[in-house]
Amino acid sequence: MEKKEITCCLEHVELALDIAVDEWETAPVMQKAEEPASCEFCQNVALYVVGS
C-alpha cells in the first residue's frame, strides 16, 4: 500500500480530512507538520499533514 499525504493549513484541515476519507476509504492520521511546507489548497504555511 502506498503512503498518501496531504499538507494543509488550519483553514483547510477539514477539507483534507474529508478528501482522505472519501478517496482513501480509511481513517486518516493527522499530525503536525515537522518540515516547512505549503498548504495544497491555498499555498499558506502548512501546519498539518493528513496521511494514511
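What follows is calculated from the coordinates using simple rules that are stated; it is not laboratory data. Owing to the predicted nature of the structure, the values given are computational and were not obtained by experimental measurement. Every residue, glycine as well, gets a Cβ built from its backbone with ideal geometry; the counts of neighbours run over all protein chains shown.
Structure summary
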quantity: Helix-derived mean residue ellipticity, 222 nm - over the chain, DSSP H n ≥ 4, -39500 (n - 2.57), to 500; calculated: -7000 deg cm²/dmol
quantity: Distance cut-off 13 Å, percentage of C-alpha pairs in the chain lying past it; calculated: 49
quantity: The stretch 5-51, relative contact order [Cα under 8 Å, separation at least 6], %; calculated: 55
quantity: Sorted peptide list for 42-48, 25-31, 5-11, 15-21, criterion being average Cβ within 10 angstrom, highest first; calculated: 5-11, 15-21, 42-48, 25-31
quantity: Cβ-placed point charges (K, R +1; D, E -1), dipole of the stretch 5-51 about Cα centre in debye, nearest 20; calculated: 180
quantity: Cut-off under 5 Å, modelled amide H: who pairs with Ala46 long-range; calculated: Ala37, Ser38, Cys39
quantity: Crossing angle, helix 13-24 versus the chain [Cα axis fit, 0-90 degrees, rounded to tens]; calculated: 30
quantity: Table column - 3J(HN,Hα) (Hz), the stretch 43-52, Karplus curve with 6.51, -1.76, 1.60, x for Gly and Pro; calculated: 6, 6, 5, 7, 9, 10, 10, 9, x, 10
quantity: Cut-off 12 Å between beta-carbons: net charge of the residues surrounding Thr7, Lys and Arg +1, Asp and Glu -1; calculated: -2
